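Encoded as structure tokens, the structure appears first; notes follow it.
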Ligand SMILES: [Fe+2]
């Protein structure tokens, strides 16, 4: 059982720039006050109707249809602790967008022992039904932004 799987993405920078631009537009009138912000159906629809969207082509190639889209913000005021995500989703894709260098997704067993860790510099499939958190290294910068996606047909096979 894997905690994560690193995905190849030859358009990572382009996708990062696009998500970052979208994030800036969303927060313009609405400063995030919590770690997790779930986008509305309309916001998801608006984003995915942008013509020639690289992330759409990438998901299409992976045979993934987006069910939910969220972003997470980590800064001096907003953090997260070890948690298990709400069911029923198990396999999400995290996409790093800003200041994710020297930050880590870390997973724990039931006793709180670390079982896995990965630096958040590439898109990953992430197992969200076991205890996990975000850890910040000494050289990390804020705000740290990642986008998170879940799908109608989960890419669970990548975590076996
Ligand atoms: Fe989580």
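The values are calculated or read from the model by the stated rules, or taken from the named source; none is laboratory data. Computed from a predicted structure; not experimentally measured. No Cβ is skipped: glycine too gets one built from the backbone with ideal geometry, and neighbour counts run over all protein chains shown.
Taken over the stretch 60-92, the criterion of being over 14 Å from the mean Cα position of the chain (by Cα) and either more than 13 Å from the ligand (Cβ to nearest atom) or within 19 Å of residue 24 (Cα to Cα) (or both) is satisfied by 60, 61, 62, 63, 64, 65, 75, 76, 77, 78, 88. When you check residue 150 against the structure, is it over 20 Å from residue 81 (Cβ atoms) and within 16 Å of the ligand (Cβ to nearest atom), yes or no? In short, yes. Of the residues making up the stretch 52-71, those that are in a loop (DSSP other than H, G, I, E, B) and either touching a residue at least 24 places away in the same chain (Cβ under 8 Å) or in contact with a helix residue (DSSP H, G or I) (Cβ under 7 Å, 6 or more places away or on another chain) (or both) are 53, 62, 63, 64, 65. Number of residues in the stretch 1-45 that are part of a helix (DSSP H, G or I), out of contact with any strand residue (DSSP E or B) (no Cβ under 7 Å at 6 or more places or on another chain) and surrounded by 14 or more Cβ atoms within 10 Å (Cβ to Cβ) equals 7. Does residue 129 fit the bill of being within 16 Å of the chain's Cα centre (by Cα) and within 16 Å of the ligand (Cβ to nearest atom)? So residue 129 fits the description; yes. For the stretch 90-118, enumerate the residues that are out of contact with any helix residue (DSSP H, G or I) (no Cβ under 9 Å at 6 or more places or on another chain), closer than 16 Å to residue 5 by Cα and touching a residue at least 40 places away in the same chain (Cβ under 8 Å). Those that are out of contact with any helix residue (DSSP H, G or I) (no Cβ under 9 Å at 6 or more places or on another chain), closer than 16 Å to residue 5 by Cα and touching a residue at least 40 places away in the same chain (Cβ under 8 Å): 92, 94, 105, 107, 115, 116, 118. Against the list (1) more than 25 Å from residue 117 (Cβ to Cβ); (2) modelled with pLDDT of 95 or more, the condition residue 30 fails is (2).
Annotation: residue 142 fulfils all but one of (1) within 16 Å of the ligand (Cβ to nearest atom); (2) in contact (Cβ under 8 Å) with a residue 24 or more places away in the chain; the unmet one is (1). Take the stretch 84-114 and flag every residue that is over 28 Å from residue 18 (Cβ atoms) and surrounded by fewer than 15 Cβ atoms within 10 Å (Cβ to Cβ). Answer for the stretch 84-114, where residues must be over 28 Å from residue 18 (Cβ atoms) and surrounded by fewer than 15 Cβ atoms within 10 Å (Cβ to Cβ): 84, 87, 88, 109, 110, 111, 112, 113, 114. Consider residue 122 carefully, then state whether it is in contact (Cβ under 8 Å) with a residue 40 or more places away in the chain, within 16 Å of residue 9 (Cα to Cα) and surrounded by fewer than 17 Cβ atoms within 10 Å (Cβ to Cβ). It is true that residue 122 is in contact (Cβ under 8 Å) with a residue 40 or more places away in the chain, within 16 Å of residue 9 (Cα to Cα) and surrounded by fewer than 17 Cβ atoms within 10 Å (Cβ to Cβ).
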